[in-house]
Amino acid sequence: MNTTIFAPATLVGSSGITVIRISGDETFCMLAKIFSKSAERFEPVDPEKLSSHTAYHGYVFHDESIVDEAVVTVFRSPNSYTGEDVAEISTHGGSFIYRKISNLLCSSGCIHAEPGEFTKRAYFNGKMDLAQAEAVADLVKAKTDQANDLALRQLTGKFSGRIKSLREELINYCSLLELELDFSEEGIDLVSKEDLLAKIDKLIEKFKDLTRTYESGKIILNGVNLAIIGKPNVGKSSIFNYFLRESRAIVSEIPGTTRDYLQEPLIMDGIQYNLIDTAGIRITEDVIEKEGVRRSKLKIEESDLVLEVIDLTNPDPNADNDVKEVSREKVIKVYNKVDIAPGGKERSDGISISAITGVGMDKLHKAINEKAKFLVMGSESSDIIIANERHRDCLLKSCEYLTNARNQILTGGGNELISFEIRAAMDSISEIIGKTANVDILNNIFTKFCIGK
Ligand SMILES: Nc1nc2c(ncn2[C@@H]2O[C@H](COP(=O)(O)OP(=O)(O)OP(=O)(O)O)[C@@H](O)[C@H]2O)c(=O)[nH]1
Ligand SMILES: [Mg+2]
């Protein structure tokens, strides 16, 4: 934390500008070694005279020659993203300029930032709590309006606010229970156990309501896993390509063409999908194909929705066996090759399509969308949505401790035992906002960030 770090805040390459962000105690001294307002000769800026929230036009110098024209924006501690002194150097885009400035900064003692290090510093300097820091990463990777909204709600502290008020409620109960212990000899009752029981029950319900939003939240943030499955040669890869509007998967008339699954992102009607093409399921002695079939089955299990594809020209009567473990609401039955089916027969128990002519694809698209909307519906009834497994686990752990506290009350346990369980419940939800998070948890969170954030 004592070092001064830097990283590109924009993608380095052919672009309009590149922004290089520097943060740490030595930021403005480092800047003084390379930045001059004059183009005539290198006249270092005075670090003391740089005003916060001000942009300075000038030139980055290496020795006596100009590397690039630049604009430097200054943020003085604590009014910056990280809470430290921060400078953002905007140069022309291009990897050559970036490399030159990067070398200059390194030789003046600045070090490359780790992934997420700026946000980690912001967290340690109290600029945001841990749930807000996680929301920064979610916001960067959001691909739809819904995902963006969800991350923003968390970033602006709405979720943390709810957690903090639940935490305060628990602190309050502990304080009363512990205070009552001090007056135990006088026999003063500060907390009615009946009241406490009712309040704990209510809290458990609140926590459970929050955890119930996780399935929808996860899908909003990461996308609907939509697997295309079926016997070999039914047209799975053709459907995959149709949706992607490109020839991504190899298609051939030879059964067993797709060996390993393929996964591609797809956005339809504002919903994000992870579209998965799988190997045709059949009994085979081929070792590679066998592995492909095993992976297909795994993908079926992991999917939120499954397109069960059947060849309408030669429907396999046992096709349903491949999805018998999957709940029916998750499965859309698709009859493919309607264009060459004898008499072009449609089937009432599924959607008939042709991946070649596009017939029926609109209907399929609509059916997928309806099911996907249903999957994210859980989020509509709640203003707070959990999309993070860690948050859900902390809430579940907290529920367990509250249930223990409840049992203590019911079996006449002493105040110290009840309070112990409530404190443990409080610690668990405090972990969500980072009040009790350990180093491993923090490392795990911040290493998933991109460089420069
Ligand atoms: N006429 C017609 N042919 C189709 C249609 N869909 C796929 N095909 C043809 O069916 C053959 C198999 O298509 P694929 O998309 O490779 O089938 P797959 O299910 O991915 O096959 P595997 O990867 O081997 O499991 C190819 O020759 C396709 O051109 C369709 O709707 N109509
Ligand atoms: Mg295929």
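The values are calculated or read from the model by the stated rules, or taken from the named source; none is laboratory data. Because the structure is a prediction, the values reported are computed rather than measured. Positions of Cβ are generated from backbone atoms using ideal geometry, with glycine treated the same way; all protein chains shown enter the neighbour counts. The protein model used for the area step is the full one, side chains on, heavy atoms only, and it has no ligands, DNA or RNA in it. Shrake-Rupley method; radii C 1.70, N 1.55, O 1.52, S 1.80 Å.
Quick notes on this structure:
- Modelled spin-label separation between SER14 and LYS363, with each label point placed 7 Å from Cα along the Cα-to-Cβ direction: 4.6 nm.
- Alpha-carbon centroids, region 242-316 and region 100-151: separation in whole Å: 36
- Amide hydrogen neighbours beyond the local backbone of ASP68, cut-off 5 Å, H modeled: VAL60
- Calculated FRET efficiency, ASN2 to ILE267, Cβ-Cβ distance, R0 = 41 Å: about 0.40 to the nearest 0.05.
- Take every Cα pair under 8 Å whose residues are at least 6 apart in sequence, average their separation, divide by the length of the chain, and the relative contact order is 17 percent.
- Once the Cα-Cα distance is subtracted from the 0.36 nm per residue extended length, the GLU253 to PHE183 segment shows a gain of 16.8 nm.
- Region 437-451 - phi-based ³J(HN,Hα) in whole Hz, Karplus 6.51/-1.76/1.60, Gly and Pro as x: 6, 8, 4, 4, 4, 4, 4, 4, 6, 6, 5, 7, 6, 8, 5
- Viscosity 0.692 mPa s, temperature 37 °C, Stokes-Einstein D of region 5-113 from Kirkwood C-alpha radius, µm²/s: 243
- The spread of Cα positions in region 221-378, taken along each principal axis and listed from longest to shortest, comes to 43, 38, 31 Å.
- Taking 0.36 nm per residue of separation and subtracting the Cα-Cα distance, full extension of the segment from ALA39 to THR144 would add 33.4 nm.
- Filter on LYS337/LYS373; LYS297/LYS448; LYS158/LYS299 - keep pairs with C-alpha separation over 31 Å: LYS158/LYS299
- Coarse-grained scattering of the chain at q = 0.06, 0.09 Å⁻¹, given as base-10 log I(q)/I(0) from a Debye sum over alpha-carbon atoms: -0.43, -0.83
- HIS53-ASP383 FRET efficiency (beta carbon distance; Förster radius 30 Å; 0.05 resolution): 0.35
- Value of relative contact order over region 5-113, rounded to a whole percent, pairs C-alpha under 8 Å and six or more apart: 33
- For region 53-58, 3J(HN,Hα) computed residue by residue from phi via the Karplus equation (6.51, -1.76, 1.60; θ = phi - 60°) reads 6, 10, 9, 10, 8, x Hz, glycine and proline entered as x.
- Across the options ILE101, ILE17, ILE34, the greatest Cα extent toward the positive end of the charge dipole of region 5-113 (unit charges at beta carbon of Lys, Arg, Asp, Glu) belongs to ILE17.
- Length-normalised contact order of region 224-360 in % [C-alpha pairs under 8 Å, at least 6 apart]: 26
- Taking 10 °C and 1.306 mPa s as conditions, region 59-204 diffuses translationally at an estimated 79 µm²/s according to Stokes-Einstein applied to its Kirkwood radius (Cα pairs).
- Across the accessible surface of the chain, with the other protein chains kept in place and a 1.4 Å probe, carbon and sulfur atoms take up 51 percent.
- Extended-chain gain in nm, criterion 0.36 nm per residue less alpha-carbon gap, LYS373 and ASN79: 101.7 nm
- Heavy-atom accessible area for ARG347, with the other protein chains in place and a 1.4 Å probe, reaches approximately 90 Å².
- Three-way shape label, region 309-409, alpha-carbon gyration tensor, a/c 1.5: prolate
- Backbone N under 17 Å from the CYS450 label point (7 Å along Cα→Cβ), restricted to region 210-254: 222
- Compactness of region 27-77, taken as the C-alpha radius of gyration over 2.2 N^0.38 Å, stands at 1.04.
- Normalised per residue, the accessible area of the chain is 49 Å², obtained with a 1.4 Å probe and no contribution from ligands, DNA or RNA.
- Relative protection proxy for 221-229, 69-77, from highest mean packing down: 221-229, 69-77 (other beta-carbon atoms within 10 angstrom).
- Report note on the peptides 243-251, 320-328, 207-215, 112-120: ranked by the mean count of other C-beta atoms within 10 Å, highest first, their order is 112-120, 207-215, 243-251, 320-328.
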